[in-house]
Each structure stands twice: as C-alpha cells, then as structure tokens.
Amino acid sequence: MTRKIIIDTDPGQDDAVALLLALASPEELDILGIVAVAGNVGLAQNARNALKIVELSGRTEVPVHAGCERPMRRKLVTAEHVHGPTGLDGPDLPEPQKKLEDKHGVDYIIDTLRTEPPGTVTLCTLGPLTNVAMALVKAPDIAPRIREIVMMAGAYFEVGNITPAAEFNVYVDPEAADVVLTSGVPITMIPLDVTHGVLSLSHRLEGFARIGNRCGKAVSEMLNFSERFDMEKYGNEGAPLHDPCVIAWLLKPDLFDGRKINVTIETTSELTRGMTVADYWRITDRPKNVLYLRSADDDAFYALLTERLARLP
Ligand code: BDR
Ligand code: CA
C-alpha cells in the first residue's frame with residue numbers, strides 16, 4: 001500500500017536529496033504535493049529549487065506550492081553560509097520550466113487534509129514548521145485528520161547547530177514548532193542525534209556519482225558543496241545528511257531506533273531559543289508527544305539512498 005505524503009521543505013541540498021529519494025519511491029510513497037517554506041534561503045528561491053528538483057527527477061506531475069514567507073513571529077534567519085546563495089549550490093541545474101501552483105501552500109495543506117480520508121495523509125517536514133503550524137491555527141479541524149507528522153527537527157544529545165542550544169529548523173520558527181508539538185497529532189522527530197551519525201563520507205558520494213545518471217551526479221555535486229562547511233565545523237570525514245532521514249524512515253523504519261517521550265520547545269529565552277527540551281529519561285509526567293529517534297544504521301541508509309537514486313534519470 002502506498003502512503004500519501006505532503007513534503008514541506010526549504011531546499012537546501014539535503015532537502016533536495018530527500019525529495020529525490022521520495023520521488024524515486026512511487027511504490028511506497030504517493031507524493032500528493034510539495035510545499036516550499038522560507039528557511040535555508042528565502043521562500044521564492046526555495047520554491048524555485050523545489051521546481052528544479054522535481055524537473056531533475058522527471059516527475060513533473062507532482063505539484064509544487066509556495067507557503068509562508070516568514071516565521072510566525074520572528075524575523076527570518078537563513079543559512080546561505082551552509083547552502084550557498086542559491087540554497088542549492090553545487091550542480092548547474094537549468095531554470096525550471098514548471099510553474100508553481102496558484103494556491104497558497106497553507107491552504108493546499110488544509111484543503112488536502114479536508115478532502116482525503118481521515119488518517120491517510122502524512123506530513124513530512126524538512127524545514128521550519130511555519131506552514132504546518134499556520135495550517136493548524138487556521139483550520140484546527142485538520143489535526144485529527146493527519147495520520148502523522150514526520151519531521152527533521154531538533155536535537156538533544158548533539159545540542160545545536162545554529163546556536164549552542166538549537167537546531168536550525170526549530171530555531172527559525174520556535175513558535176511554529178511549539179504549535180505543532182502541542183497539537184496532539186502523532187509526531188516522529190528525527191533530530192541531529194540521528195543525522196550526525198549518517199555522514200556523507202567520500203566513498204558514499206563517489207557511489208552516487210558512479211551510478212552514472214544525472215540525479216546521482218547532481219546529488220554528488222550538491223553534497224560535495226554543502227559538506228565543506230560542516231566538515232570544518234565538526235572535524236569529521238563527512239557531513240551529516242539530515243532531511244533524507246525523514247523519507248528513509250518512511251521507507252525502512254527498521255533502520256532507526258527511538259522511543260516515545262515528551263519534547264517541549266523553548267520559546268521565551270533568547271539564549272536557548274528553539275531548544276528541543278527532550279525528556280529522554282522520562283523524568284517528568286509531561287505527555288509523550290513525540291516518537292524521538294536516536295540513531296540509524298548508516299550503511300543501510302546509504303545503500304537504500306544509492307539504490308533508489310539509481311531508479312531516477
Ligand atoms: C536542517 O537545517 C537545514 O539547513 C537543513 O536543510 C536541515 O533541514 C538541519 O538542521
Ligand atoms: Ca531543510
């Protein structure tokens with residue numbers, strides 16, 4: 001049975017790889033639509049990048065919508081220092097011919113959840129949670145209709161990557177993350193604790209290039225670009241690969257370990273803004289609102305990614 005998903009994203013090289021992994025997996029995943037959000041770079045550029053990736057994959061029937069231009073209450077913080085000025089530096093991809101859909105991304109999420117049978121649509125978030133939170137605020141009736149939200153967000157044991165306390169996607173829009181985490185919707189959180197164990201080592205990137213198709217080449221060029229910054233930062237032989245873990249979890253949950261816990265978002269302190277306070281040892285009575293993943297089988301993850309990218313043009 002295919003699983004219906006909406007991917008909310010701010011591509012971003014690692015978002016792009018996640019999109020390609022999903023686009024390469026039609027037997028398991030029915031991508032109803034892609035929604036762009038402001039994050040790694042501004043909304044317009046993220047939306048353009050999403051169109052480029054859909055075209056690269058040859059799956060041009062998948063609709064792309066643009067969502068919110070800024071976080072709910074904060075000024076947008078971007079990450080050109082990691083992803084380059086275009087958000088997708090590395091490969092030389094053509095300007096997209098495909099156009100964005102007219103409907104705003106938040107309304108697209110709401111309308112889709114109201115139309116599809118309850119409990120059938122999974123939201124996959126690869127960026128700040130602005131669009132999903134705005135949809136939940138505008139249309140609270142959608143909450144019980146969402147099957148699950150699977151998010152790349154947060155960190156606890158690996159602390160932060162944009163500040164010492166916070167992971168980028170939560171830091172950019174902590175109020176949105178708070179709305180989503182307190183919504184009662186089933187949530188799987190894939191934090192830095194997982195993604196920092198999934199390193200894009202050089203032999204893995206060479207493996208993508210060796211596939212011999214345009215998507216493998218583009219992925220190798222993207223990750224060769226984006227990993228420079230992280231390799232210097234962390235002193236590792238390869239960079240973490242974040243967002244594709246969301247799709248890999250849907251395809252092969254056995255590759256991951258985790259437990260149900262409470263996660264609460266820090267929204268008031270400037271010092272620890274966007275911290276995901278994870279009650280990993282179940283010290284409090286706070287409700288267990290999140291399936292918090294802690295580790296992944298990195299060899300199996302890269303084998304899956306390589307095998308799926310080989311199915312694309
Ligand atoms: C997250 O931040 C973004 O820069 C990446 O695309 C990923 O979604 C990692 O903290
Ligand atoms: Ca992202």
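Computed from the coordinates by the stated procedures, all read-outs in this text should not be read as laboratory data. Keep in mind that what you see is a predicted model, and the values were worked out from it rather than measured. As a convention, Cβ positions derive from the backbone with ideal geometry for all residues, glycine included, and neighbour counts pool all protein chains shown.
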Residue in the range 197-229 that is farthest from residue 50 (Cα to Cα), counting only those that are within 16 Å of ligand 2 (Cβ to nearest atom) and surrounded by fewer than 20 Cβ atoms within 10 Å (Cβ to Cβ): 229
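Would a scan of the range 268-276 turn up a residue that is among the charged types (D, E, K, R) and crowded, with 18+ Cβ neighbours inside 10 Å? First the steps, then the outcome.
Here is the first cut: in the range 268-276, the ones among the charged types (D, E, K, R) are 270, 273.
Retained after the next criterion (residues that are crowded, with 18+ Cβ neighbours inside 10 Å): 273.
Yes, some residue in the range 268-276 is among the charged types (D, E, K, R) and crowded, with 18+ Cβ neighbours inside 10 Å.
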Candidate set: the range 157-193, residues that are touching a His at 6+ places or on another chain (Cβ under 9 Å) and closer than 26 Å to residue 119 by Cβ; chosen: the one surrounded by the fewest Cβ atoms within 10 Å (Cβ to Cβ): 190
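Listed here are the residues, each with its yes/no results for (1) closer than 16 Å to residue 152 by Cβ; (2) touching a residue at least 60 places away in the same chain (Cβ under 8 Å).
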site: 291; (1), (2): yes, yes
site: 294; (1), (2): yes, yes
site: 307; (1), (2): no, no
site: 312; (1), (2): no, yes
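Being of a type in the set (S, T, N, Q), farther than 30 Å from residue 208 by Cα and in contact with a helix residue (DSSP H, G or I) (Cβ under 9 Å, 6 or more places away or on another chain) is true for just one of 267, 272, 284, 306. Which residue is that?
Details: 272 fails: in contact with a helix residue (DSSP H, G or I) (Cβ under 9 Å, 6 or more places away or on another chain); 284 fails: in contact with a helix residue (DSSP H, G or I) (Cβ under 9 Å, 6 or more places away or on another chain); 306 fails: farther than 30 Å from residue 208 by Cα.
Selected residue: 267, the only one of 267, 272, 284, 306 that is of a type in the set (S, T, N, Q), farther than 30 Å from residue 208 by Cα and in contact with a helix residue (DSSP H, G or I) (Cβ under 9 Å, 6 or more places away or on another chain).
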Residue under evaluation residue 283, criteria (1) in a loop (DSSP other than H, G, I, E, B); (2) in contact with a strand residue (DSSP E or B) (Cβ under 8 Å, 6 or more places away or on another chain); (3) of a type outside the set (Ser, Thr, Tyr), criterion not met: (2)
Any hit, the range 150-168, residues being assigned to a helix (DSSP H, G or I), out of contact with any Asp or Glu (no Cβ under 7 Å at 6 or more places or on another chain), under 17 Å from residue 272 (Cα atoms) and of a type in the set (S, T, N, Q): no
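Can you give me the ranges of the strands (runs of 3 or more DSSP E) entirely in the range 1-77 with at least 2 residues that are closer than 23 Å to residue 250 by Cβ and touching a residue at least 40 places away in the same chain (Cβ under 8 Å)? Reasoning before the result, please.
Working: elements: 3-9, 29-36, 64-66.
Passing ranges, in order: 3-9, 29-36.
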Members of the range 54-81 that are aliphatic (A, V, I, L, M) and out of contact with any Ser or Thr (no Cβ under 9 Å at 6 or more places or on another chain): 56, 62, 64, 66, 76, 77, 79
Extreme residue, surrounded by the most Cβ atoms within 10 Å (Cβ to Cβ), among residues of the range 23-55 that are within 15 Å of residue 77 (Cβ to Cβ) and of a type in the set (Gly, Ala, Ser): 39
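Go over the candidates 280, 234 one by one and state the one that is in contact (Cβ under 8 Å) with a residue 24 or more places away in the chain, more than 27 Å from residue 148 (Cα to Cα) and surrounded by fewer than 20 Cβ atoms within 10 Å (Cβ to Cβ). Write out each step before concluding.
Numbers: 280 fails: more than 27 Å from residue 148 (Cα to Cα).
Answer to the selection: 234.
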